[in-house]
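This report refers to the structure that appears directly beneath it.
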Amino acid sequence: MSNNGKQAPRTALLGFCIPAMEALDKVGRPFLAVVPPEFEAYMQEHDIAHVLWDFSRVNETSMQLSKTLQERGVEVAVPLFEETVEWAGAVNGFLRDDPRLFTRYLLFRDKAMMKRRAQMYGIRVGVFEEADNREDVSRFFKRVNKALSKLDSDVADPVHLKPLAAAGCVGHRFIRSEQDIAVLQDDEFPCLLETHLDGQEFSCEVFIHDSKIRFLNITEYVHLGHSNFVPASPSLEERRPYVRKAVEELIDAFGIQYGMIHPEFFITSDNKINFGEVAARVPGGHIFELIEKAYGFSPFVAFAMCSDPATTDEELAAYLPDERQHKDYAGCLMVYPRQKIVTRVDVPDRLIADDYYEKHALFQPVTPKVAERAGFGDHYGTVYFRGDNSARMRDLLLEYEQVDFYTSDAPAAS
Amino acid sequence: MSGSTTEGGASLGRDAGGEPSAASVVERLLSRLDAALEHLAEAKPFAKSIYQTDVFQIAEALMNAEGGLDALYSRAHRFDAAGVFEGGPWLDASKLQPPLVEGSLKARGVYPVVETLSELRVLAIARGRVEAGATTMSREDAVEFLQDVMALNLEFIFPADTEEERISGGPHRASNIRLFGLIAREIGLRSLLADVVDEIEQISAQRPINCARLTRMVDMATRIPADAVEPAVAERLQVFASAAHAPTPLSVELSDLAAYRQALKDCDAAKLDAEARMFADSINETGLVAPHHAVLVRRVCAQAPELLGVALGLGAQGRAELEAQQELVLRLCKVAILPATAQAIYGLAGVLKRAMLSRSEVAAGLQRLVSLDLQSDVRRTLLARRAHRDGVTANALLVAGALSVLGRPLGVGQGNNPTCQAARGISLWSQHAPGYLLEMLISAARDGLVEKDFEGERLKSSDIEHGLVLRLDTDLDPVSLVLVPHLDRLYSLMMKRVATRSEDGHKWVNPAFYGRWVPHGFASVFADVAQTTVAEHDDFVRRFYATHHPAYNEGHDLMYPNPVGLCITNARGDYLGPHAVSLLRVGEDPHGALRVYFFNPNNEGRQDWGHGVRPSIRGNGESEGESSLPFHQMVTRLYAFHYNPYEEGDAFAVPPETLQEVEQAARGSWGRAFSWR
């Protein structure tokens, strides 16, 4: 640690996340974990400072969390999961006596609200609308295509449908036809509808302290929800100044002072950047792991340091590396079964022998029947790659996206 | 394999064809394993799980690569210290259980990988590659553990290339076979057959109804190469191998059943008589019945019914019953005694010995089963248990199953299920309420439900979503197969109903579940419902002596099986969990010592509960199917029993030394897992 024996303020990690706890423990940064009650035995067994909290319940006792944490000497709350973001807002707002902080954090939890905010501050967004039922979806879909001067015989432009408050790709659907609208379930409403944005998709992991960008990572999406790598390839990195400007506009629009954000953008060939959405918790897609491998620092630690107003510029400068000095390209492939019944994992020998192959976490599924997925679901396993050439990384990810890792001994049921 | 060819040069793992060679893949994996083990070793206990995945994944790749298992084994001495087993049931090597290995190796997901790593770790201990202080398991214990594991997994040591084994071997069968090849090479097969034959004899002495596992063990054992076997042991094995397949010269000669049937037609009465005697001797010696025996019984029924008593090996009592019920017996044989159900011959003999057919409710119940309309899922379940398609009907299987249970009440087993309660019930009813048992069986098979009254309410098993068992292991006798799902649900629901009462729920549930044969007095060592604190242990022991020990209970013999709870311990005396058995009788053994004879539904062969407590199953006055322990040893593992308060003797007279001795033994074994007050 670089704080020269100064006792760092106690950080509260919101959510049960072993890698986060390990990262802070490794650098000797004292922390306290706020975890759901089912993890009590684990925390006790390993003697980790903790507070039990049910994040899914909001009621008049919710203030109690802030008070408890204050009594325990906590100064900063760091949200690890989507469901803990507003809790972090409430706790940090209470600890800093800044009630507005809570409402700002709430923006991260409502995809329509965050888009509206961005739009009000002049950020480019697609056309969007909130929908409460299938009729709303149908009307939006028709109007968008009408606005594009489509004929009935043309292929309709798709629109996107996302739950208002879910992490990443969960529940994300494409609407391409009336048929897609008819199968929507009542529990998918209310939701956000938005037009399809052209351009290359990428995400940023932005570590912000005192409203200034301290580290900006760009994650290149090969296919959203399936494959990505860090840092982005040179063709995208070249446009870093445009990306940085877009991120600064976002920081300004959302009034973000401390912490980390994970926005998703689309960039066109003429460097126009469209804003997709933004989250204020640990990103999915194993991105933190990839950043650590590519740059050699722990994003968890950086997240905690940046969340803390007391962290000094020197400490940040000492911990965070130069954005342009990556060690390697680190990528991962998220694997989903393609068949309905899977009984085996087949990893090709040529993959294991590949210089860029690092490791995989694919195990034979415990039940052969593959769960039905609505939108994007959790992936079954991950393959990690690492190497020094982004083009080869991209090629490998594309190549192995085509491989059926989960296969079946039995003839596939149709 | 060509391990040496890639050594020396800095091979990048591709030979001329562009495909990586096996040796270089193993090399790569091994260096990754080393790195992963290092990361794991450096991680704090709370964070080990992050790094375990990498180790498991690399290990799985090594398990499946040519030469990979040896490579994995070369690092096995580091597994424990690195924390490979941290946070899971494999953590403490000294607590590993040989019977659990097979299930994990055959499972899906990550379990077979961890299990394999655990076996390799134990092997490293057994071979002295782990420093004494670095593990909780001694070298001797490790060797013994692996010997037991080998004896229980012969199918991987001597694999047969049958479709059945390929399927039952689980998804990792090939690597399991390699694993056992390695263990056999390192530990040796010398003592293996003796161990296996011991186990076979122990299991057979209990005369289980479901002999599938026993027969499988016998078949496996016969695969052990002759040069690895002592002649005396081979001879003992041969008795069982013959009994299971061909106990007579004629059946040896004609293994084809149709040919054998034809040959029997040409036998004269004397030859048939001799054949029948040989079969009868073979079952009485082993409890195993060969399929040929069914052909013989059918022949005898048709051609020479007077020989049936000989073919069934009946004594005077059985013959008298046979004479009285001959017509019914012939009818039952015709329906239910087939090569596929040959084991029921032994059950039928028991039914006749017990004169069960003279009870009108039993005769009527069995006949009803013959033509009962079965629920379609019951039919499917019954037929699915057959080894091959042989034209037998589900009704025939059910009748045969009922004969087996009624003839051998102590042969009922729970299989691989946590349903000792249901097995105990089936055993009790087949002894004391056979009509009631058949009634439940008929209701379950035809109507898909079993009803029981509980505290003024009628409970229907069909209304209860699930019991203790989520997925029943179907390696069970037909009666259990049909009844256990219902009994399990009823039992769990009753236990739920009483969960909030201040005492152990068995007090109310047992009399309701088993019926009026269970007395309402109840004693337990536990002071709380959660069963964490033992209190007034001395009172508990006094009461047991006063109700069960002939010196203090005024000579009240047990009338009906008494469902009691035991705290089961392993060979080191560590607490494993609660288990249900039934006390059957208390009496002096041939050596003059007082013993408790009981029914243990788990049909286990070798039992060692630690600290010298080893239930015996023969040689101490046990009948077939009974287990026994010296009286005071039984009390040291007992935690709950029923008694009749009007038959309580002189509790005060039990000497304090006895109480102290029992309490010490209890505290020193299972008692270590509880707090005492």
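Table for the structure above
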| quantity | calculated |
| --- | --- |
| Qualifying residue in the range A:136-144 (condition: farther than 23 Å from A:GLN257 by Cα, surrounded by 19 or more Cβ atoms within 10 Å (Cβ to Cβ) and of a type in the set (Phe, Trp, Tyr)) | yes |
| Long-range neighbours under 6 Å by Cβ, at least six apart or interchain, first residue in a strand (DSSP E or B) within the range B:432-457, second loosely packed, with under 15 Cβ neighbours inside 10 Å | B:GLU451/B:ARG458 |
| The range B:91-111, residues that are more than 14 Å from chain A (Cβ to nearest Cβ) and open to solvent by 10 Å² or more (accessible area, probe 1.4 Å) | B:ASP92, B:SER94, B:LYS95, B:LEU96, B:GLN97, B:PRO98, B:PRO99, B:LEU100, B:GLU102 |
| Single condition B:VAL114 does not satisfy, out of (1) at pLDDT 90 or above; (2) away from chain A (no Cβ under 14 Å); (3) not in a loop (DSSP other than H, G, I, E, B) | (2) |
| Selection within the range B:627-668 - among the hydrophobic types (A, V, I, L, M, F, W, C) and not in a helix (DSSP H, G or I) | B:LEU629, B:LEU638, B:ALA640, B:PHE641, B:VAL654 |
| Any hit, the range B:396-407, residues being without any contact (Cβ under 8 Å) to a residue 60 or more places away in the chain and of a type in the set (Gly, Ala, Ser) | no |
| Filtered residues of the range B:31-46 (kept if buried (at least 22 other Cβ atoms within 10 Å of the Cβ) and small (Gly, Ala, Ser)) | B:ALA36 |
| Matching residues, the range B:54-78, being open to solvent by 20 Å² or more (accessible area, probe 1.4 Å), touching a Lys or Arg at 6+ places or on another chain (Cβ under 8 Å) and at the interface with chain A (Cβ under 9 Å from one of its Cβ atoms) | B:ASP54 |
| Extreme residue, farthest from B:ARG667 (Cα to Cα), among residues of the range B:528-548 that are aliphatic (A, V, I, L, M) and surrounded by 19 or more Cβ atoms within 10 Å (Cβ to Cβ) | B:ALA546 |
| Number of the condition not met by A:VAL370 [criteria: (1) within 12 Å of another protein chain (Cβ to nearest Cβ); (2) modelled with pLDDT under 85; (3) open to solvent by less than 30 Å² (accessible area, probe 1.4 Å)] | (1) |
| Some residue of the range B:400-420 being more than 22 Å from B:ASN284 (Cα to Cα), in a helix (DSSP H, G or I) and under 28 Å from the mean Cα position of the chain (by Cα) | yes |
| Verdict on A:GLN325 being free of Cβ contacts under 8 Å to residues at least 40 places away in the same chain and more than 13 Å from chain B (Cβ to nearest Cβ) | yes |
| Every residue from the range B:361-374 that is closer than 17 Å to B:MET440 by Cβ, part of a loop (DSSP other than H, G, I, E, B) and open to solvent by 60 Å² or more (accessible area, probe 1.4 Å) | B:ASP373 |
| Which listed residue is in contact with a Cys (Cβ under 6 Å, 6 or more places away or on another chain) and either under 20 Å from A:LEU24 (Cβ atoms) or of a type in the set (A, V, I, L, M, F, W, C) (or both), from A:LEU69, A:LEU80 | A:LEU80 |
| Selected residue [of a type outside the set (Ser, Thr, Tyr) and farther than 25 Å from B:ALA396 by Cβ] from B:ARG299, B:ARG223, B:ARG261 | B:ARG223 |
| Counted residues, the range B:179-188 - those being over 13 Å from B:ASN153 (Cβ atoms) and open to solvent by 30 Å² or more (accessible area, probe 1.4 Å) | 2 |
| Filtered residues of the range B:551-596 (kept if of a type in the set (S, T, N, Q) and surrounded by fewer than 23 Cβ atoms within 10 Å (Cβ to Cβ)) | B:ASN553, B:ASN570 |
| Selection from the range B:64-78 of residues that are outside any helix (DSSP H, G or I) and hydroxyl-bearing (Ser, Thr, Tyr) | B:SER74 |
| So B:ILE337, is it of a type in the set (A, V, I, L, M), under 24 Å from B:ASN284 (Cα atoms), more than 23 Å from the chain's Cα centre (by Cα) and open to solvent by less than 10 Å² (accessible area, probe 1.4 Å) | yes |
| Test: B:THR419 is of a type in the set (Ser, Thr, Tyr) and crowded, with 23+ Cβ neighbours inside 10 Å | yes |
| Condition check for A:GLU40: away from every other protein chain (no Cβ under 13 Å), of a type in the set (Asp, Glu) and open to solvent by less than 40 Å² (accessible area, probe 1.4 Å) | no |
| Criterion violated by B:TYR51 - all others in (1) away from chain A (no Cβ under 14 Å); (2) open to solvent by less than 50 Å² (accessible area, probe 1.4 Å); (3) within 28 Å of A:VAL27 (Cβ to Cβ); (4) more than 33 Å from the chain's Cα centre (by Cα) satisfied | (1) |
| Test: residue in the range B:79-90 that is acidic (Asp, Glu), surrounded by fewer than 23 Cβ atoms within 10 Å (Cβ to Cβ), within 14 Å of chain A (Cβ to nearest Cβ) and part of a loop (DSSP other than H, G, I, E, B) | yes |
| So A:ARG214, is it more than 23 Å from A:MET113 (Cβ to Cβ) and open to solvent by 30 Å² or more (accessible area, probe 1.4 Å) | yes |
| Of all residues in the range A:338-357 being in contact (Cβ under 8 Å) with a residue 60 or more places away in the chain and within 14 Å of another protein chain (Cβ to nearest Cβ), the one that is most open to solvent (accessible area, probe 1.4 Å) | A:ARG344 |
| Members of the range A:113-133 that are within 18 Å of A:PHE189 (Cβ to Cβ) and in a helix (DSSP H, G or I) | A:MET113, A:LYS115 |
| One residue from B:VAL405, B:VAL412, B:VAL392 being within 25 Å of B:SER376 (Cα to Cα), surrounded by fewer than 24 Cβ atoms within 10 Å (Cβ to Cβ) and assigned by TED's automatic domain parsing to the domain that holds B:VAL450 | B:VAL392 |
| Which listed residue is modelled with pLDDT of 90 or more, among the charged types (D, E, K, R) and over 23 Å from the mean Cα position of the chain (by Cα), from B:ARG585, B:ARG595, B:ARG501 | B:ARG595 |
| Spans of helices (runs of 4 or more DSSP H) in the range B:470-567 with at least 2 residues not assigned by TED's automatic domain parsing to the domain that holds B:LEU594 | B:478-497, B:506-514 |
| Residue check, B:ALA124 away from chain A (no Cβ under 13 Å), in a helix (DSSP H, G or I), modelled with pLDDT of 95 or more and open to solvent by less than 20 Å² (accessible area, probe 1.4 Å) | yes |
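The values are calculated or read from the model by the stated rules, or taken from the named source; none is laboratory data. As the structure is a prediction and not an experimental result, all values here were calculated from the model. Note that we place each Cβ from the backbone using ideal geometry, even for glycine, and neighbour counts take in every protein chain shown. SASA here: full protein model, heavy atoms, side chains in, ligands and nucleic acids out. Shrake-Rupley method; radii C 1.70, N 1.55, O 1.52, S 1.80 Å.
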